[in-house]
1. May I ask you to derive the relative contact order of region 88-195, considering only C-alpha pairs under 8 Å and at least 6 residues apart, and to give it as an integer percent?
2. Report, to two decimal places, the Cα Rg of region 96-148 normalised by 2.2 N^0.38 Å (N = number of residues).
3. Work out, step by step, the length gained on full extension between E191 and A149: first 0.36 nm times the residue separation, then minus their alpha carbon distance; give nm to one decimal.
4. Keeping all protein chains in place, calculate the accessible area per residue for region 93-132 (probe 1.4 angstrom), answer in Å².
5. Share of region 209-264's accessible area from carbon and sulfur, percent, 1.4 Å?
6. Over region 147-237, calculate the relative contact order: mean separation of alpha carbon pairs under 8 Å at least 6 apart, over the residue count, as a percent.
7. Where in region 102-144 does the label zone of L157 land, with the point 7 angstrom along Cα→C-beta and an amide N cut-off under 15 Å?
8. Taking amide H positions as placed 1.01 Å from N in the peptide plane, with prolines and chain starts having none, which residues 5 or more places from L134, or on another chain, fall under 5 Å of its amide H?
Amino acid sequence: MKQFVQRAGGRIGLWGGLLAAALAAFAAGWLVPARAPVGCNLNELTAAPDFSPFSPAAPAVAASDAGTPAAPSLPEKWVCLTFDDGPSKTTPEVLAALDAAGVHGTFFVVATGYNEKYLPLLTQAAAAGHQIALHSASHEYSDIYRSSAAYWKDIALLKQRIAPYVDAESIRYLRFPGGRGLMPQLKTEVEQRGWQWVDWNVCAEDAVGGHPSADTIYRNVVRETGEQTHCVVLMHDSATTHTTAEALPDIIRWYADNGYTFLT
């Protein structure tokens, strides 16, 4: 998984293996536990939100007992900007804001049929260095959480629908849409496949009712970040969250000014 970084006043560089180090670090337990987000859209919460935004590392991530060198150390402060429920008519504005700042994001995508005409944007996003990850084909909780088989059928359909635009078979990162009683079982199955699930510990609250303004979204992110030094920010690039793109320049500037490195 590609890792891109930016420091305040700097441009982007490539840090190979940083997320591998992050995952290993979470498995080792040295990262600070995340606060449970407050006031977020309940549909975006897992049944019992995890204190760590990443699943445990796959065995291949950790250094072996034989003395394999450890992965590069992570920066002291880092942030991942993540976007759920796209692509949509909002996605080009999000991409433009990220590209203007020289920052890369991670897009947990859907392919519901309603957004079919926007799926070619995935090719553009991937070509620009952004990361594409899996969310859901339908985003219908009553369907995908009926059983483990139903969930994996949904993921297979998502991969099939996005395959013309990105290398779907190479994607090993996903975020669960909402959550139901199957979550512990599904998380175990994801890890058994050698994949990683990714949660969040900072919520922009951009998908709540009332269509929050860009300034409200910005203040939500700053408040939710608080004193955390390792942040996975939940935002959306759905058709109804266009103010997220308006808030992005200020959000990015705030993290850069406060010494955060941007990762995917």
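1. That works out to 26 percent.
2. It is 1.37.
3. Net length gain for the segment: 13.5 nm.
4. Value for region 93-132: 39 Å² per residue.
5. Percent of accessible area from carbon and sulfur atoms in region 209-264: 51.
6. Computed over region 147-237, the figure is 25 percent.
7. Flagged as within label range: 110-116, 135-144.
8. Result for L134 returns V109, Y173, L174, R175.
The values are calculated or read from the model by the stated rules, or taken from the named source; none is laboratory data. This structure is a prediction, so every number in the text was calculated from the model and none was measured. Positions of Cβ are generated from backbone atoms using ideal geometry, with glycine treated the same way; all protein chains shown enter the neighbour counts. The accessibility values were calculated without ligands, DNA or RNA, using every heavy atom of the protein model including side chains. Shrake-Rupley method; radii C 1.70, N 1.55, O 1.52, S 1.80 Å.
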